[in-house]
Every structure is written in C-alpha cells, then in structure tokens.
Amino acid sequence: MTATLVKETSPPPPGTVADRTRRLRRRGKVVALLFVLPALLLLGALVVYPVLFSIGRSFFDASGTTFVGGDNYAEMFRDPATLNAVRNTAIWVVVAPALLTGLGLILAVLVEKVRWATAFKLLLFMPMAVSFLAAGIIFRLAYDEDPDKGVLNAAVVSVHDAFEGSSSYPTARARDGQGLTKAKDGSYRTSQSVSPGNAVALGLVGVLPDDLPGGTKPAFAAAGQQAAPDELRGVVYLDFTPGGGGEQGKVDRKESGLPEMKVEAVRDGKAVATATTASDGSFRFEGLEPGSYAVRLPSSNFAPPYEGVSWLGPALVTPAIIGAYLWIWTGFAMVLIGAGLSTLPRDALEAARMDGANEWQIFRRITVPLLAPVLTVVFVTLVINVMKVFDLVYIIAPGPVQEDATVLATQMWLVSFGGGNNQGLGSALGVLLLLLVVPAMVFNVRRFRRSQR
C-alpha cells in the first residue's frame with residue numbers, strides 16, 4: 001500500500017495581504033500623480049506663481065527695488081480714481097448680476113411657452129459667441145452721439161422729431177444793423193415798431209441755399225404787396241443773392257423766401273397774433289387793432305436740432321456699458337436657468353393649476369422657490385465675472401470719460417501699463433481684486449459640493 005504524503009501549505013505570514021494592498025495604493029497614487037503633474041505644473045506656472053509674485057510685488061515701489069510695506073495699499077484708498085473704480089465695481093456687482101438673473105429667469109419661463117423655443121434660445125445665446133472686443137466695438141458705434149452713426153441716437157432723434165418737430169433754420173441769423181435785434185432767449189424782433197397797414201421785410205443770413213425746404217419761391221413778388229389798413233404783413237427772406245450782387249437789407253429778385261418760419265406780432269410784451277410764412281416767405285396778421293407792434297421771430301425757429309442722448313457721457317457711460325454686458329450674457333443665464341427649469345417636478349405645477357392657482361402664483365410660489373439653488377449659482381457666477389470685466393469698459397468708454405467708467409480691472413491695467421507705470425500700486429489693486437473674488441468663488445464651490453451630495 002502506497003502512502004501518499006500530503007504536504008500541508010502553511011498560511012501566509014500575517015501582514016502580507018495588508019502590505020500588498022498598501023503597495024498597490026501607493027502605486028496608484030504615484031500613477032495618478034504622474035498624470036496630474038502636467039496640469040499641476042501649468043496651474044503653478046499660470047496661477048500660483050503670478051498670484052504669489054503679485055502679492056510680493058505689491059510691497060515694493062514703482063521701480064521694484066525699494067520695499068515700501070503697505071504704502072501701496074494706503075495710496076490705493078487715497079487715490080480718487082481708485083475710489084471711483086471701487087464705486088463703479090460695486091455698481092456692477094449689484095446691478096448686472098441681478099438684472100441678468102432676473103432676465104434669464106423671465107426668458108427661461110417664457111421660452112417654454114414659445115413654439116419656436118430652440119430657435120429663440122439660439123438667437124439669445126448667439127452673442128456669447130462674440131468676443132468682448134467685437135462686442136465693445138459694436139456698442140461703441142451703437143452709442144455714438146452722431147445720429148448718422150449711432151443707431152440708438154438715430155432712433156431717439158426719430159421719435160423725438162416725430163412728436164416735437166425740429167427747427168427749420170438752426171444756423172440762421174440776422175445781419176447787424178439791418179432792422180432786427182437778437183434777444184437773450186435767441187429770438188429776433190424788429191428794432192422799430194410797426195403798425196397795421198404797413199409791411200416789413202426781415203432778412204436773415206447763414207442758411208445755405210441747398211438747405212432750403214423743397215418748393216421755396218423767390219420773395220421779391222411778396223415784398224412788393226401792399227397791406228390793408230387793419231393788416232400787418234411782411235416777408236422773411238434769405239438776404240443773399242446766389243452768384244453775388246444784390247443789396248443788403250433789400251429784397252432782390254433772386255433772393256428766396258424762408259418758408260415754414262413762425263412769426264409773432266407782439267404788443268406790450270405779449271404775442272397777440274401768430275403766423276407761419278408761406279413758400280415765398282410771406283406772412284400777414286389780419287384784424288389787428290390800431291397801435292404799435294413789434295414783429296418777432298421766436299427762438300424755436302433757430303433752435304439747434306435735437307442730437308439725442310449722450311450715452312457715453314459721464315452720467316450714462318456705466319449704465320451703457322452694463323447694457324452691452326447684458327446683451328452678451330443674457331443668453332447664458334437663460335440657458336442655465338432653463339436647464340434647471342426642465343428638472344422641476346411637473347406634477348407639482350399641474351397640482352397647483354388644478355387647485356386654481358394662476359400662472360403668476362405658480363411662478364412666484366412654486367417655480368422661483370424650487371429654482372432658488374440654480375438662481376444662486378447663476379448669480380454668484382455672474383458676480384465673479386463682473387468683478388473681472390475689463391474689455392467692454394476699456395473699449396466702449398471714450399478717453400475723456402475713461403476715468404468715470406473705470407472699474408478695478410481697468411484701473412489696475414491703467415496704473416500698471418496704461419501710463420502710470422507703477423506696477424507696485426497695480427499689484428496692490430490686483431490683490432484687492434483677488435480678495436474680493438475669492439469669497440464668491442469659495443461660496444460657489446461649496447454650493448457645487450452640496451448639490452453633488
């Protein structure tokens with residue numbers, strides 16, 4: 001009988017499995033570190049190093065050789081331009097994110113009820129594809145004060161002129177010593193009194209023949225007409241003969257009348273009759289009582305044309321730039337909020353409708369509260385973004401009002417490279433901007449982590 005010897009295998013020494021597990025974990029960490037290392041090197045070179053260098057540079061003077069401690073930070077809050085930049089940045093932070101979040105919410109809700117929702121979203125999101133440089137140039141032209149160039153002022157002037165009208169002869173004026181006296185309000189009146197039964201000739205210059213209204217006729221025939229006993233008549237004409245010649249203060253055969261001119265008969269400082277000149281410049285006042293009158297050309301005839309709104313003036317430049325920013329980022333806010341809106345429980349909305357709630361009550365009491373986390377993320381993200389706005393402010397604001405529109409980012413560049421050549425103060429402004437952005441970034445990161453949990 002053959003005996004089979006069975007060799008018992010001894011159990012592995014204690015700790016071997018645990019050591020192997022630890023080795024595998026260390027190896028995995030090394031491999032992960034090797035993959036992450038390029039990104040960490042880029043992060044350190046492009047983010048960490050510039051931040052640390054800027055912090056250190058902020059403690060030195062403009063030349064970078066003399067340590068000045070906190071002098072740059074003290075100077076930063078003594079400089080009126082920097083204080084103005086802080087004020088404008090605060091306006092941006094308060095106004096722009098709130099408007100964008102509100103507009104995005106409203107549009108996201110309304111788009112759901114539009115038949116061509118995708119096309120509408122694409123149209124609103126399209127400005128995001130335009131660079132800030134291109135958008136700044138577009139709005140710089142749109143805000144131009146010249147109505148022939150700026151589309152906004154062209155629209156404003158068109159609406160204004162449709163309701164108010166415009167003066168016919170803004171450049172017209174009277175010759176000195178030719179029977180007309182200019183008043184303080186810009187009107188002209190006859191130097192000597194006239195009475196019914198007489199005729200007057202009121203000559204003006206400063207109007208180009210090509211600027212006369214269509215259908216203008218010569219004033220010579222109208223100047224020769226006689227007035228009735230109870231009538232005061234006259235002619236307003238262009239005291240200029242094309243081609244030269246003629247006599248000043250006298251209506252010549254080739255001189256044109258000035259139509260559509262408002263004329264008043266004034267007695268005791270009050271206008272008692274009003275007339276408008278005909279195509280040959282003639283006018284007349286009928287049924288006047290006997291006595292002395294003065295003929296007046298009101299200042300409205302000579303008022304300069306309405307030029308629109310000074311969008312890029314000191315008072316409106318910041319709201320105008322914020323308007324350009326809204327045009328770019330409204331689509332972004334709408335898309336993010338629309339994504340959150342698509343995840344809302346439809347049964348809650350339908351239950352509210354069945355209970356008799358109208359659309360406004362559903363929006364205010366259900367939609368907005370359920371979207372609060374999304375709205376918060378959008379708002380904080382936009383706060384971070386507006387703190388760093390630079391391109392639009394620098395491009396849209398003209399040079400004379402650059403200081404009125406400046407924000408911290410533009411002020412930092414202007415102080416460092418735009419003529420100030422003080423990188424110490426510019427670095428201090430950069431550190432201030434970093435300190436303002438970091439809390440919002442931390443808040444946003446925490447919100448993302450909580451939402452993932």
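Here are some notes:
- Cα gyration tensor shape for the range 123-209, rounded if a/c is under 1.5, else prolate or oblate: prolate
- Model label points for residue 42 and residue 129, set 7 angstrom from Cα along the Cα-to-Cβ axis, are 2.5 nm apart.
- Relative to the dominant Cα principal axis of the chain, helix 317-342 is inclined by about 50°.
- The range 180-301: proportion of alpha-carbon pairs further apart than 23 angstrom, %: 26 percent
- Shape category assigned to the range 62-131 from the gyration tensor of Cα positions, a/c cut at 1.5: prolate
- Two-site label geometry, residue 254 and residue 230: point separation in nm, points 7 Å out along Cα→Cβ: 4.2 nm
- Here the label points at residue 289 and residue 365, each 7 Å from Cα along the C-beta direction, are separated by 7.1 nm in the simple model.
- Rounded FRET efficiency, nearest 0.05, which uses the C-beta distance separating residue 95 from residue 192 and R0 of 51 Å: 0.25
- Where Rh is the Kirkwood radius over Cα pairs, Rg/Rh for the range 300-453: 1.15
- In degrees, nearest ten, helix 423-452 long axis to first principal axis of the chain (Cα): 60 degrees
- Stokes-Einstein translational diffusion, the range 224-375 - Kirkwood Rh over all Cα pairs, 1.306 mPa s, 10 °C, in µm²/s: 69 µm²/s
- Within the same chain, lysines fewer than 8 places from residue 113 are excluded, and of the rest, those with a Cα less than 24 Å from its Cα are 121.
- Kirkwood estimate for the range 402-453, i.e. one over the average of 1/r between Cα atoms, Å: 12.6 Å
- The range 40-93: translational diffusion in µm²/s, Stokes-Einstein, Kirkwood Rh over Cα pairs, 25 °C, 0.890 mPa s: 187 µm²/s
- Ordering of 26-32, 229-235 by burial proxy (mean other Cβ atoms within 10 Å per residue, highest first): 229-235, 26-32
- Across the range 128-140, rounded Karplus estimates of 3J(HN,Hα) from the backbone phi angles (6.51 cos²θ - 1.76 cosθ + 1.60, θ = phi - 60°) give 5, 7, 8, 5, 4, 4, 5, 5, x, 5, 4, 6, 4 Hz, Gly and Pro being marked x.
- Antiparallel DSSP beta bridges within the range 180-301, percent to nearest 5: 80 percent
- With Cα atoms, 0 to 90° folded angle of helix 80-111 axis to the chain main axis: 80 degrees
Quick note: the coordinates plus some simple rules give every number you see, no bench work behind them. What you are looking at is a predicted structure, and each value in this text was computed from that prediction instead of being measured. Every residue, glycine among them, receives a Cβ derived from its backbone with ideal geometry; neighbour counts consider all protein chains shown.
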